[in-house]
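K.L.:
Have a look at this one.
The values are calculated or read from the model by the stated rules, or taken from the named source; none is laboratory data. Keep in mind the model is a prediction, meaning the values are calculated, not measured. Cβ atoms come from the backbone with ideal geometry, glycine included; neighbour counts cover every protein chain shown.
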Amino acid sequence: MSEAAAGGGGSVEYIQHHLTNLCVGEGCETNGFWSWHLDTLAFSVLIGAIIVFVSWRLGKKLTTGAPGGFQNFVESILDFVGQQVKDTFPGHNPLIAPLALTIFVWVWLMNFMDLIPVDLLPSLGSLLGIHYLKVVPTTDLNTTMAMSLTVFLLIIFYNIKVKGPVGYFKQFLFHPFGKFALPINVVMTLIEELAKPLSLGLRLFGNMFAGELVFLLIALIGGTMAVGAAALFWLPLQVVLDLGWLIFHILVITLQAFIFMVLTIVYLGMAHTSADEH
């Protein structure tokens with residue numbers, strides 16, 4: 001039920017309210033560099049802490065004889081991620097598999113917040129005096145770009161480590177058209193490199209933001225149209241649409257976490273290949 005719309009506010013105001021972060025610092029109105037989105041930070045850290053705690057508890061209760069259902073579930077995720085690394089990543093690097101697992105689980109759980117009813121946590125927050133609360137960290141461009149830039153820094157690091165500074169620089173000069181097209185090579189390679197963090201961050205943000213917007217539009221059905229006898233039609237329709245989109249969105253949040261993980265493995269794999277192989 002869309003509380004803002006039902007309470008007399010317009011649909012646009014309702015959507016804008018739900019898409020506004022709890023912000024402090026300078027430039028909140030314009031999303032400036034020195035503004036801090038406290039809700040994004042809080043939910044991201046909380047989800048990360050839950051992952052660490054559950055991993056710690058599971059590690060203390062590991063069994064080899066007859067593992068329980070949750071351990072089997074976790075081991076299936078480990079096997080799945082490990083197989084993706086084996087199939088995609090050339091050679092061996094002890095960082096890649098743990099990084100891929102962390103990305104997949106953390107991004108999936110942040111995406112999962114989108115399946116919580118859109119008014120539930122903001123309503124609880126309003127009771128505590130929190131007027132804005134955006135609960136899905138991956139619908140904040142700052143989150144997705146921060147993760148993609150972290151991956152990009154690792155790409156640069158391993159490019160320099162594996163190819164050497166000179167080899168990495170030569171990649172910009174002689175790829176993809178050879179030594180007779182140096183200016184074109186530099187421009188094309190720069191575009192190729194910059195496209196990596198942009199594709200990672202913008203793809204995840206765009207899909208999750210669109211998914212949240214659909215949930216808000218469905219919620220508006222119950223708040224603006226379900227009045228009097230019309231509720232007999234609009235409320236069941238809202239339930240059906242909400243359930244249908246929720247089931248479909250489970251696939252979306254899983255697919256987006258998988259894509260972010262696989263592209264990270266692929267990009268880091270490309271950084272571990274020699275200049276000639278690249």
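K.L.:
So, of the residues in the range 157-179 that are surrounded by 14 or more Cβ atoms within 10 Å (Cβ to Cβ) and under 26 Å from the mean Cα position of the chain (by Cα), which turns out to be nearest to residue 104 (Cα to Cα)?
P.N.:
Among them, the one singled out is 158.
K.L.:
Report, ordered by the first and then the second residue, all pairs with beta carbons closer than 7 Å, sequence separation of six or more or different chains, a first member in the range 39-52 that is over 12 Å from residue 21 (Cβ atoms), and a second member that is among the aromatic types (Phe, Trp, Tyr) and part of a helix (DSSP H, G or I).
P.N.:
Once the first residue is over 12 Å from residue 21 (Cβ atoms) and sits in the range 39-52, its partners that are among the aromatic types (Phe, Trp, Tyr) and part of a helix (DSSP H, G or I) give 47/106; 48/106; 51/106.
K.L.:
Please name all residue pairs, on different chains or six or more residues apart, with Cβ atoms under 7 Å, provided the first residue is in the range 113-126 and is within 13 Å of residue 14 (Cβ to Cβ) and the second residue is among the aliphatic types (A, V, I, L, M).
P.N.:
Listed by first residue and then by second, the contacts come to 118/216; 118/219; 119/1; 119/219; 122/133.
K.L.:
Then there's this: Need a quick list: helices (runs of 4 or more DSSP H) entirely within the range 1-108 having at least 3 residues that are more than 30 Å from residue 126 (Cα to Cα) and out of contact with any His (no Cβ under 9 Å at 6 or more places or on another chain).
P.N.:
Output list reads 38-60, 69-88.
K.L.:
With respect to residue 21, determine if the residue is exposed (fewer than 12 other Cβ atoms within 10 Å of the Cβ) and either modelled with pLDDT of 95 or more or of a type in the set (S, T, N, Q) (or both).
P.N.:
So residue 21 fails the test.
K.L.:
Would you confirm whether or not the range 142-161 contains a residue that is within 30 Å of residue 85 (Cβ to Cβ) and in contact with a strand residue (DSSP E or B) (Cβ under 9 Å, 6 or more places away or on another chain)? Before the answer, list the steps.
P.N.:
At the first step, the residues of the range 142-161 found to be within 30 Å of residue 85 (Cβ to Cβ) are 142-161.
When the remaining residues are screened for being in contact with a strand residue (DSSP E or B) (Cβ under 9 Å, 6 or more places away or on another chain), the result is 142-143.
Yes, the conditions are met somewhere in the range 142-161.
K.L.:
Would you mention how many residues in the range 132-150 are surrounded by fewer than 20 Cβ atoms within 10 Å (Cβ to Cβ) and part of a helix (DSSP H, G or I)?
P.N.:
The total comes to 6.
K.L.:
Which of (1) on the phi < 0 side of the Ramachandran plot; (2) in contact (Cβ under 8 Å) with a residue 24 or more places away in the chain does residue 91 not meet, given it meets every other one?
P.N.:
So the condition that residue 91 fails would be (1).
K.L.:
Of all residues in the range 151-183, which are assigned to a loop (DSSP other than H, G, I, E, B) and touching a residue at least 12 places away in the same chain (Cβ under 8 Å)?
P.N.:
Hits for the range 151-183 are 175, 176.
K.L.:
Look through 114, 140, 119 and report the one residue that is charged (D, E, K, R) and modelled with pLDDT under 90.
P.N.:
119
K.L.:
Name the single residue that is farthest from residue 54 (Cα to Cα) among those in the range 85-131 being surrounded by fewer than 18 Cβ atoms within 10 Å (Cβ to Cβ) and polar (S, T, N, Q).
P.N.:
Out of the qualifying residues, it is 126.
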